[in-house]
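One structure below.
The values are calculated or read from the model by the stated rules, or taken from the named source; none is laboratory data. Quick caveat: nothing in here was measured; it's all calculated off a predicted structure. Cβ coordinates were reconstructed from backbone atoms using ideal geometry, including for glycine residues, and neighbour counts include every protein chain displayed.
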Amino acid sequence: MSDWKKYMEQSDAYAASLCKKSHKVYDVDPYVMVFEDEDVPGIFHIYYDAHSKGASAWMHLIVGHATIVYTNDRI
């Protein structure tokens with residue numbers, strides 16, 4: 001098995017394990033799961049999964065006192 005395939009299997013397994021954690025799903029986009037960081041308040045991890053249709057992405061929202069920073073990490 002290639003390294004890439006192993007990595008993808010690990011990534012899929014990790015994403016599946018996230019579904020078991022406490023998260024919020026909003027009506028406006030049911031494909032997005034929002035996880036509040038367990039260690040740092042004000043940080044939210046947003047996972048987008050189009051149910052194995054080739055698109056998944058992590059986004060991170062950091063809510064601060066004066067600004068909001070949005071980062072987008074595509075898988």
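Figures for the structure shown
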| read-out | value |
| --- | --- |
| Residues of the stretch 33-42 satisfying the condition of being under 22 Å from residue 64 (Cβ atoms) and aliphatic (A, V, I, L, M) | 34, 40 |
| Complete set of residues in the stretch 24-43 that are under 19 Å from residue 63 (Cβ atoms), among the hydrophobic types (A, V, I, L, M, F, W, C) and surrounded by 10 or more Cβ atoms within 10 Å (Cβ to Cβ) | 32, 33, 34, 35, 43 |
| Positions within the stretch 1-22 being over 16 Å from residue 57 (Cα atoms) and either in contact with a Phe, Trp or Tyr (Cβ under 8 Å, 6 or more places away or on another chain) or of a type in the set (Gly, Ala, Ser) (or both), in sequence order | 2, 21, 22 |
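Each row is one residue, and each column tells you yes or no for (1) loosely packed, with under 13 Cβ neighbours inside 10 Å; (2) at pLDDT below 70.
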site	(1), (2)
4	yes, no
12	no, no
16	yes, no
22	yes, no
45	no, no
49	no, no
59	no, no
64	yes, no
74	yes, yes
